[in-house]
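Report on one structure; see the data block that follows.
The values are calculated or read from the model by the stated rules, or taken from the named source; none is laboratory data. Bear in mind the structure is a predicted one, so any value in this text is a computation, not a measurement. Please note: Cβ atoms are built from the backbone with ideal geometry, for glycine as well, and neighbour counts cover all protein chains shown.
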Amino acid sequence: MAAYAFGWRGLDGTPGEVSGETSGGKGVRQALAVLGAEAVGAPGQAGVPAAVAVELVHVFSLLHDDIMDGDQVRRGRPSVWKAYGTGPAVLAGDALFALALETLASAPAGPAGLRMLSTALGDLVRGQADDLLFASRPWSGERRVRPVEYRTMAERKTGALLGCAMALGALLGGASPATAGALDRAGRHLGTAFQVTDDVLGMWGDPAVTGKPVHSDLRERKKTLPLLLALDCPGPAAGRLAALLETTGDPALAVALVDRTGARARCLAEARRHLTAAETVLADLPLKAGTVRELRELSKFLAHRVA
């Protein structure tokens, strides 16, 4: 099941060629861990245990997230719970988490690395819990989800693990706790930009490129940032959008109403702000210039990707 989740094997366990779409995603967390080690002057190999541990935790979280969200497809194939059953998928996720701890326990960072990973996982769980709670809250009125709440959720759910990847790689490369902490902050900004961009793609992306059905987030009634920003705008479009979302309204009409509020441009501006904040943190650290350039290129990919 784990090999299937990583895209290494087919449903029956047989190995074979796997497309890029199913072979482990974009590799962002692994890259950040290796670059984190290189940024503080260590060879990239020093960050490999961090890359492995963080990716194991990431896939563990995906297995559980798909169950909680009822998502039947992951990277173009049936999700693990859909393919093998809910109970086995939970156990597979738990096993990956145990392997992540084992990987770090034998790494040079020792207890400090384990604490860093456990802190990130705690934030990830809190972010996922908030995301689940958002689904039960109304689209309008005093109990509606505010954009500031969404930002906190996104930083925890997506940013925590990206920040941990970069900081943990640096820690294994011999960085001071202060430098590792600053890299964690930079990674959290990157993660927030990543999540905001993901929301934009979920509403306006090309399904042929993203691999997601058109307007999938809207059909699943997810409270994404474009919707929350649009609902916070003054004017009739926000009111019409709230009324539409309280029913099983037309997703295409909802997107048209969001467009009228300018929420798409505001989302893209927010992603750029977080990207700039991450770059500012990097600029203030004593890091290798060449690696910083690579981190900036990766950051641009996260914030400006089309899939």
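With the structure loaded, tell me whether GLY202 is in contact with a Ser or Thr (Cβ under 8 Å, 6 or more places away or on another chain) and either among the acidic types (Asp, Glu) or farther than 30 Å from LEU287 by Cβ (or both) or whether it fails that test.
For GLY202, the condition - in contact with a Ser or Thr (Cβ under 8 Å, 6 or more places away or on another chain) and either among the acidic types (Asp, Glu) or farther than 30 Å from LEU287 by Cβ (or both) - is met.
Among the residues of the range 36-45, write down those that are surrounded by fewer than 24 Cβ atoms within 10 Å (Cβ to Cβ) and of a type in the set (A, V, I, L, M).
ALA42, the sole residue that qualifies.
Run LEU287 past the list (1) among the hydrophobic types (A, V, I, L, M, F, W, C); (2) buried (at least 18 other Cβ atoms within 10 Å of the Cβ); (3) under 19 Å from THR192 (Cβ atoms) and report the number of the one that doesn't hold.
If we test LEU287 against (1) among the hydrophobic types (A, V, I, L, M, F, W, C); (2) buried (at least 18 other Cβ atoms within 10 Å of the Cβ); (3) under 19 Å from THR192 (Cβ atoms), just (3) comes out false.
Within the range 1-114, considering only helices (runs of 4 or more DSSP H) that don't extend past its boundaries, which have at least 1 residues that are polar (S, T, N, Q)?
28-39, 48-69, 86-105
Confirm whether VAL196 is assigned to a helix (DSSP H, G or I), in contact with a Cys (Cβ under 9 Å, 6 or more places away or on another chain) and not acidic (Asp, Glu).
yes
Kindly provide the set of residues from the range 169-200 that are aliphatic (A, V, I, L, M), at pLDDT 95 or above, surrounded by fewer than 24 Cβ atoms within 10 Å (Cβ to Cβ) and touching a Pro at 6+ places or on another chain (Cβ under 9 Å), ordered by number.
Passing the criteria: none in range.
Within the range 76-94, track down each residue that is out of contact with any Ser or Thr (no Cβ under 8 Å at 6 or more places or on another chain), without any contact (Cβ under 8 Å) to a residue 40 or more places away in the chain, within 12 Å of SER61 (Cα to Cα) and surrounded by 15 or more Cβ atoms within 10 Å (Cβ to Cβ).
Matches in the range 76-94: VAL90 only.
List the number of the failed condition for VAL209; all other conditions in (1) at pLDDT 90 or above; (2) aliphatic (A, V, I, L, M); (3) assigned to a helix (DSSP H, G or I); (4) more than 19 Å from LEU245 (Cα to Cα) hold.
(1)
In the range 95-130, which residues are free of Cβ contacts under 8 Å to residues at least 60 places away in the same chain, farther than 17 Å from GLU55 by Cα and surrounded by 15 or more Cβ atoms within 10 Å (Cβ to Cβ)?
ARG126, GLY127, ASP130
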